[in-house]
Amino acid sequence: MADFIETLTQYFAQFPGIGKRQARRMVYYLLRKNKTYTDGLIHQLEHLHDQLGLCSESYQFFYKEHPDETKAPIARNPDRDRTTIMIVEKDMDIEAMEMSRAYHGTYFVLGGLFPALETKYNPVRTDELIREITRRATEETLGEIIFALSVNPESEHTRMMLMQHLKPLAQKYEFSISQLGRGLSTGSELEYADGDTLAHALHKRS
């Protein structure tokens, strides 16, 4: 039993922000739940990749109502402002921004950040971002790229690394590049910011 608990603990410990102690508490929590609960959880996990897709435009995860769907609802919504692309780190940042009701454009999810002081390791969808921006700039009207990243060294490093690729594109296709205003305090995560703060940061972007 000890080996089984330890193995399951290691799985939970890989979740973001979850340490080994918290992971072990999650294992014992599941042990206390009835079999109906755990069977339901197992069922959802088994079909996780079947029911969710990765948007071919924004790289946001979305629930697929039809197996052949390739774009998330925001990306295929004709009422969204297609002239702007907001660059975020992760899907939950989109959820936070949508709750603010201050932004009506489209998104691109980087999927990670460049570690501070690192120039070679690339956990970011750099190639996909360049490809999508180029496509939008040539096939549609692209007016602005907005960096909406958390306020920390890794986010700033990521922005600087990406700007090396985006500045030439901005000059070629004549779109502007901005970032959220400092309504966000240093060290804050975008996904935890309240709607008013995000709306103010968006309004004060530069």
- [ ] Tell me, yes or no, whether region 110-121 has at least one residue that is modelled with pLDDT of 95 or more and not small (Gly, Ala, Ser).
- [x] yes
Open item on the list: Could you list, ordered by first residue, the pairs with Cβ atoms under 7 Å in which the first is in region 33-57 and under 24 Å from residue 77 (Cβ atoms) and the second is of a type in the set (A, V, I, L, M, F, W, C), at least 6 apart or interchain?
Closed with: 52/61; 52/62; 53/62; 54/61; 55/62; 55/72; 55/75; 57/75
TODO: Could you please let me know if residue 82 is modelled with pLDDT of 95 or more and either assigned by TED's automatic domain parsing to the domain that holds residue 176 or surrounded by 15 or more Cβ atoms within 10 Å (Cβ to Cβ) (or both)?
DONE: yes
Open item on the list: Could you list, ordered by first residue, the pairs with Cβ atoms under 7 Å in which the first is in region 1-29 and over 23 Å from residue 90 (Cα atoms) and the second is polar (S, T, N, Q) and at pLDDT 90 or above, at least 6 apart or interchain?
Closed with: 20/9; 24/9; 27/9
Open item on the list: Give me the residue from region 5-63 that is of a type in the set (Gly, Ala, Ser) and within 30 Å of residue 87 (Cα to Cα) and, out of that set, modelled with the lowest pLDDT.
Closed with: 17
Task: Positions within region 99-109 being of a type outside the set (Ser, Thr, Tyr), at pLDDT below 95 and closer than 14 Å to residue 146 by Cβ, in sequence order - done: 102
TODO: Can you confirm whether region 50-61 contains a residue that is among the aromatic types (Phe, Trp, Tyr), surrounded by 13 or more Cβ atoms within 10 Å (Cβ to Cβ), in contact with a helix residue (DSSP H, G or I) (Cβ under 9 Å, 6 or more places away or on another chain) and outside any strand (DSSP E or B)?
DONE: yes
Open item on the list: Please determine whether any residue of region 121-130 is in a loop (DSSP other than H, G, I, E, B), within 15 Å of residue 75 (Cβ to Cβ) and hydroxyl-bearing (Ser, Thr, Tyr).
Closed with: no
- [ ] For residue 69, state whether it is farther than 19 Å from residue 151 by Cβ, in contact with a strand residue (DSSP E or B) (Cβ under 7 Å, 6 or more places away or on another chain), assigned to a loop (DSSP other than H, G, I, E, B) and of a type outside the set (Gly, Ala, Ser).
- [x] yes
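The values are calculated or read from the model by the stated rules, or taken from the named source; none is laboratory data. None of the values given here were measured: they were computed from a predicted structure. We place every Cβ from the backbone using ideal geometry, glycine too, and count neighbours over all the protein chains shown.
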